[in-house]
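Data first, discussion second: the structure below is written as structure tokens.
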Amino acid sequence: MTTSEELFAAFGRMREIAQISAASAASAISAILGSDLHAHEPRVRAATVEEMGAGATGVIFEMEGAVQGLIALFLPPKGAESVIDLLCPGVDPNSVMAHSALREVGNIVASRAMSSVADHLGDRITISVPILVGDSVDDAFGSLLFERRKGSAGIASEIDLCEPNGARRALLVIAPDVI
């Protein structure tokens, strides 16, 4: 295969992983938030996280097993606030309890997404302890990705998890080391 054929095949495999994980991720976060979220069509492109804006929160995991790399759930400021208000009403957003709630939501969503991929592959995928990032989520994700890939950007999928009216509630990013 030529380089362009290899790249096209890699994008196809990445899209398949993203599509399998998208419905499970949307179902998981919908159950937590008590709202009907759906996953938009995954975007597969060079591994960069689009700007989430000031105050965004990220929950980042390393993946091992059949798929290795990073998976992250990014919440815009209002998304993180609504999770904290729902799970820990009246708690300071900067408290240990609020941070724990955000990590747990990320863990549930990432676990469900990767479990569906593992089931499809007939193999195992495990995720690490969550890394909670509240400042410069784009930089933090990029640094971890750069470190894992030893300077190579690679490709990633981005999946918007949205309300029926199209308003984004979360962004799931899957960035395998090799596909």
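Rank-order 111-118, 159-166 by packing density, defined as the average count of other C-beta atoms within 10 Å over each peptide's residues, highest first.
Going from most to least packed, we get 111-118, 159-166.
As I understand it, the value is the acute angle between the Cα axis of helix 96-121 and the longest principal axis of the Cα atoms of the chain; what does it come to in degrees, rounded to 10?
30
Modelling each spin label as a point 7 Å along the Cα-to-Cβ direction, I'd like the residue 23/residue 97 distance in nm, to one decimal.
For the pair residue 23/residue 97, the computed spacing is 3.8 nm.
Taking Cα centroids, how far is the range 122-148 from the range 1-33 in Å?
For the range 122-148 versus the range 1-33, the Cα centre distance is 17 Å.
Quick one: net charge of residue 146's neighbours, Cβ under 13 Å, K/R +1, D/E -1?
Once all neighbours under 13 Å are counted, the net charge is -1.
Could you grab the relative contact order for the range 3-176? Cα pairs under 8 Å, six or more apart, rounded to a whole percent.
With pairs under 8 Å counted, the relative contact order is 35 percent.
Scan around residue 37 for amide H atoms under 5 Å from its own, H built in the peptide plane at 1.01 Å from N, and keep only partners 5 or more places away or cross-chain.
Residues meeting the amide H criterion: 30.
Within the set of other residues whose C-beta is less than 14 Å from the C-beta of residue 8, count the net charge using Lys and Arg as +1 and Asp and Glu as -1.
After counting each charged neighbour, the total is 0.
What ranking, highest mean first, results for peptides 9-16, 96-103 when packing means the other Cβ atoms within 10 Å averaged over each residue?
The densest-packed peptide leads the list: 96-103, 9-16.
Once label points are set 7 Å from the Cα along Cα→Cβ at both residue 45 and residue 30, what is their separation, rounded to one decimal in nm?
That separation, rounded to one decimal, is 2.6 nm.
I'd like to compare 131-137, 88-94, 58-64: which one has the highest average count of other Cβ atoms within 10 Å, and what's the full order after that?
58-64, 131-137, 88-94
Under a 5 Å amide H to amide H cut-off, with H placed in plane at 1.01 Å, what residues pair with residue 169 once short-range neighbours are removed?
Residues meeting the amide H criterion: 161, 162, 163.
Quick one: angle between helix 3-33 and the longest Cα principal axis of the chain, in degrees between 0 and 90, rounded to 10, please.
Approximately 20 degrees, to the nearest ten.
Could you size up the charge dipole of the chain around its Cα centre, putting +1 on the beta carbon of Lys and Arg and -1 on that of Asp and Glu, and report it in debye to the nearest 20?
Taking the Cα centre of the chain as origin, the dipole is about 200 debye.
Pop the C-beta distance of residue 121 and residue 78 into the FRET formula with R0 = 45 Å and round what comes out to the nearest 0.05.
About 0.80, to the nearest 0.05.
If you work out volume of the Cα convex hull per residue in Å³ from the coordinates, which of (1) 108; (2) 173; (3) 133 do you get?
Looking at volume of the Cα convex hull per residue in Å³ for this model, the match is (1).
Which one of 17, 91, 132 has its Cα pushed farthest toward the positive end of the charge dipole of the range 3-176, where Lys and Arg give +1 and Asp and Glu give -1 at the Cβ?
Farthest towards the positive end: 17.
I need 174, 108 ordered by Cβ neighbour count within 10 Å, fewest first.
By the 10 Å Cβ count, ascending, the order reads 108, 174.
Here, each number is a calculation from the coordinates, and none is a lab measurement. All values derive from a computational prediction rather than experimental measurement. No Cβ is skipped: glycine too gets one built from the backbone with ideal geometry, and neighbour counts run over all protein chains shown.
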